[in-house]
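Taking it in order: structure first as C-alpha cells, then the write-up.
The values are calculated or read from the model by the stated rules, or taken from the named source; none is laboratory data. Everything numeric here is computed off the predicted structure, so don't read it as measured data. So basically every Cβ, Gly included, is an ideal-geometry build from the backbone, and we count neighbours across all protein chains shown.
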Amino acid sequence: MRWQWHFGLGRELGYAFWALTFFEATLGAYAPIWPLWIQDRGAPIAVVGLVLASAGIFRPLIMIPGTAYLDRHNGRNVLLACRALSLVGLLIAAFARSWEILLVTVFLNALGELVFPTIHAYIAEHAGDNPVHAFNMTITIGPAAGLIVTPLISGLVISLGGMQAAFLLSAVLTLIAMAFVSRMTFTGSSGHGSDGAAVSYKAVIQHRQIREMIFVFGGTIISLAIGVALLSNFLELERGLSPGTIAMLSSGAAVGTVGFGLLSSRIGRFRRSPLLAAAVATSLTAAGFLIFSTQTALVLMGLAYVMRGGLFSTWALFLAALGNLAPQHIRSRAFTLMEIVGGSSMSFGPVIAAQLWDIDPVAPLIAGAVLGFVMATVISVWRRRAELAASVTPPPDLASAG
C-alpha cells in the first residue's frame with residue numbers, strides 16, 4: 001500500500017493533521033520544563049502557579065473577540081500573524097532574565113492559541129461521516145505522535161544547551177506548523193446560519209446539551225490539571241530527577257495518548273460514544289497520579305507518564321463529542337468556548353496546586369487523583385442521562401432557542 005502524506009484523510013484534513021502535530025510538538029518541546037524555567041528565573045512555587053494561571057486570564061480576552069474577527073477577515077492570515085507573535089514570545093522566554101518578563105510570553109502564546117478552536121471547526125467541517133476517526137487522527141494520534149518524539153529531542157538539546165535550548169527548538173517547530181497553516185483555506189461566517197439563526201456565543205450557551213457538556217469538560221480538565229501542574233517540580237525536588245530526564249519521561253504521556261486514541265478508534269463502544277472513552281481516559285490519568293505520589297522507581301514513573309496521556313485523550317474525545325453535537329453554524333463558537341474553558345481550567349489548576357503544595361508537595365497529586373475519579377463518574381452519569389434524553393426527544397433546535 002502506497003504511503004500517503006495525509007494518511008487517507010484527504011488533503012484538507014492532512015494539512016490540519018500536520019499543523020496540529022507540529023503545534024503540539026512545539027508545546028512538547030518546552031512544556032515539561034516550563035514550570036522549572038519560571039522557577040529558575042527567580043519565581044517561588046506560589047508565583048510559578050500564578051504565572052501559569054495568567055494564561056487563563058489572557059485566553060478569553062483574546063479568543064472571544066478573536067473568533068469574531070476571524071469570521072470577517074482572512075482566517076489564514078490572521079492565524080499566521082498570531083502564531084508569529086507566539087513565536088516571538090518563545091524567543092523572549094529563551095532570553096528572559098527574570099520571571100516577570102515571562103508574562104509577555106504567556107500573553108503572546110495566548111494569541112497563538114486562536115489556531116486551535118479554528119482548526120477544530122475546520123476539521124469538523126471536513127470530517128465527513130466519521131468525525132470520531134477524523135478527530136482521533138488529527139487531534140489525538142497525530143499530535144501525540146509528535147509529543148512522543150519531541151520531548152526526547154528536547155531532553156537531548158537541554159542536556160547540550162540548557163533549558164533555554166528547549167524554547168529555541170519550539171520556535172523552529174512553530175515555523176514548520178505555520179507552513180501547513182499557510183496551505184489551509186478557512187471559510188468565514190456571515191454571522192448567521194443557513195436558516196438565519198444567529199451565530200453567537202449566546203446561542204451556544206442556550207443549547208442545553210452543549211452547555212452541560214462544557215461544564216463537565218471544564219470540571220474534568222481542572223481536576224486533572226491540579227495533578228499535572230507541578231508534576232515536573234515534584235519529580236525534580238522530591239524524586240531527584242533532572243530536567244532532561246523529566247522531559248524524556250514526559251514523552252510517555254504521548255505514547256499513552258496514541259495508544260488510547262487507537263483503541264478508541266477501533267473499539268466499537270468507544271467509537272460510538274467518545275464520552276465513555278473520555279471517562280476511561282480520565283480514570284487512567286487519575287490512577288497515574290497515584291503512582292507518581294507513592295512510587296519512586298523510574299520504570300513505574302514512566303508507566304505513570306503513559307497513563308497521564310489520558311489527559312490529552314480526554315480533551316480530544318470531548319471535542320469529538322462536541323463535533324457530533326454542535327450544529328454547523330455555531331460550531332466554531334462552540335469550539336472556542338470549549339477551548340477557553342479547557343485552557344482556563346488548565347491555567348487555574350496550578351493556582352490550586354500551588355496552595356496544596358504549601359501543605360505537602362504530594363497533595364496536588366492526591367487531589368488530582370481523587371477529583372479525577374469523581375469526574376470520571378460524573379462523565380459516565382451525564383453521558384447516560386444525555387443518551388436517554390436523546391432517545392426520548394430530539395436535541396433542542398438552536399434556531400428556536402435563539
Filter pass, L85 being part of a helix (DSSP H, G or I), at pLDDT 85 or above and buried (at least 22 other Cβ atoms within 10 Å of the Cβ): no
Sole residue being surrounded by fewer than 24 Cβ atoms within 10 Å (Cβ to Cβ), hydroxyl-bearing (S, T, Y) and part of a helix (DSSP H, G or I), chosen from S332, S313, S344: S344
Selection from the stretch 53-73 of residues that are more than 21 Å from T105 (Cβ to Cβ), of a type outside the set (D, E) and touching a residue at least 40 places away in the same chain (Cβ under 8 Å): I64, T67, L70, R72, H73
Subset of the stretch 1-31 [buried (at least 17 other Cβ atoms within 10 Å of the Cβ) and outside any helix (DSSP H, G or I)]: L9
Failed item in (1) among the hydrophobic types (A, V, I, L, M, F, W, C); (2) outside any helix (DSSP H, G or I); (3) closer than 21 Å to R333 by Cβ, with L241 passing the rest: (3)
Pair list, Cβ under 8 Å, 6 or more apart: the stretch 1-22 residue small (G, A, S), other residue part of a helix (DSSP H, G or I) and at pLDDT below 90: G10/H126; A16/I119; A16/Y122; A16/I123; A16/H126; A16/T138; A19/V115; A19/I119
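One line per residue, one yes/no per condition, for (1) within 22 Å of R11 (Cβ to Cβ); (2) surrounded by 21 or more Cβ atoms within 10 Å (Cβ to Cβ):
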| residue | (1), (2) |
| --- | --- |
| R76 | yes, no |
| L79 | yes, yes |
| F95 | no, no |
| T105 | no, yes |
| I123 | yes, yes |
Filter result for A68 (modelled with pLDDT of 90 or more, out of contact with any helix residue (DSSP H, G or I) (no Cβ under 7 Å at 6 or more places or on another chain) and in a helix (DSSP H, G or I)): no
Residue within the stretch 32-42 that is among the β-branched types (V, I, T), at pLDDT 90 or above and assigned to a helix (DSSP H, G or I) present: yes
The stretch 264-287 - residue that is within 24 Å of L231 (Cβ to Cβ) and of a type in the set (A, V, I, L, M) and, of those, surrounded by the most Cβ atoms within 10 Å (Cβ to Cβ): A281
Selection status of P361, on the phi < 0 side of the Ramachandran plot, in contact (Cβ under 8 Å) with a residue 60 or more places away in the chain, assigned to a loop (DSSP other than H, G, I, E, B) and not small (G, A, S): yes
Test: A16 is modelled with pLDDT of 90 or more and out of contact with any Ser or Thr (no Cβ under 7 Å at 6 or more places or on another chain): no
Residue match in the stretch 346-354 (condition: over 24 Å from G142 (Cβ atoms) and modelled with pLDDT of 90 or more): yes
The stretch 93-126, residues that are among the small types (G, A, S), in contact with a helix residue (DSSP H, G or I) (Cβ under 9 Å, 6 or more places away or on another chain) and either modelled with pLDDT of 90 or more or under 30 Å from G42 (Cβ atoms) (or both): A93, A94, A96, A110, G112
Residue match in the stretch 56-63 (condition: aliphatic (A, V, I, L, M), under 22 Å from L231 (Cβ atoms), out of contact with any strand residue (DSSP E or B) (no Cβ under 9 Å at 6 or more places or on another chain) and at pLDDT below 85): no
